[in-house]
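The values are calculated or read from the model by the stated rules, or taken from the named source; none is laboratory data. Everything numeric in this text was worked out from a predicted model, so none of it was measured. Counting neighbours? That spans all protein chains shown, and the Cβs are built from the backbone with ideal geometry, glycine included.
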Amino acid sequence: MNRLAGARFSNALIPLSFLLALAAGTWWLRAAVELPEISHDSKARHDPDYIIENSQLRKLDAQGRLQYTLTSKEIRHYPDDDTTDIVAPSLAHVGTGRPTTTMSADRAHLSEDGERVDLHDNVRVQRSATGSRQAMLATMPQLTVLPEAEKAFTQSPVRITEGDSWLSGVGMHIDNTTLTYTLDARATGQFESPHAKKP
């Protein structure tokens, strides 16, 4: 198996802070609408105890500036296993002096303890263009995030594009503490120099 360790396509390829924000935002919404426990005879059924539709959560910093906006089509919490399903999550992170990065998927699943977030179907990480960098797009069908450990991984195919440059492989591990991104197998790519002359 070929491995390409430390492949850094950009300074913030897959910002795990966004995924942490996704988990934190979901837990915040859960606490904000916490309902009193009601005894039910059918505890074994996997039915939601609350549903939130067309939600939007905005996170501000200490100075009142917008940090990120988390939107979703639907959030469902299930009391039998204390898990949460999110339909069409989209997180747009806005940092001072930094390009906007948006992470989205068709659906997400948050574990009972909040320590694992599984993003599924059409997972996309988009970074807007800057004065010196073109827009970046990373796509994959699935991504598992471990927020507390600041790590993420997938066994599925990954493709990253930035302008005419691209990088692809199968399987990827991300360690945010060391800022390393490791493609597990079949790593291949083409990189265009920003100083290359156009024909």
Query raised in the report: Quick check, is D61 acidic (D, E) and on the phi > 0 side of the Ramachandran plot?
Result: no
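Which residue out of S132, S128, S90 is within 30 Å of G189 (Cα to Cα) and within 15 Å of the chain's Cα centre (by Cα)? Let's see the steps before the verdict.
On the way: S132 fails: within 15 Å of the chain's Cα centre (by Cα); S128 fails: within 15 Å of the chain's Cα centre (by Cα).
None of the others qualify; the one that does is S90.
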Requested in this report: Just name the residue that is modelled with the highest pLDDT out of those in segment 162-193 that are within 17 Å of R127 (Cβ to Cβ) and polar (S, T, N, Q).
Outcome: S165
**Report entry** Hey, R116 within 23 Å of A129 (Cβ to Cβ) and among the charged types (D, E, K, R) or not
**Finding:** no
Query raised in the report: If you go through segment 119-132 one residue at a time, do you hit one that is in contact with a helix residue (DSSP H, G or I) (Cβ under 8 Å, 6 or more places away or on another chain), more than 21 Å from P157 (Cβ to Cβ) and either at pLDDT 85 or above or surrounded by 15 or more Cβ atoms within 10 Å (Cβ to Cβ) (or both)?
Result: no
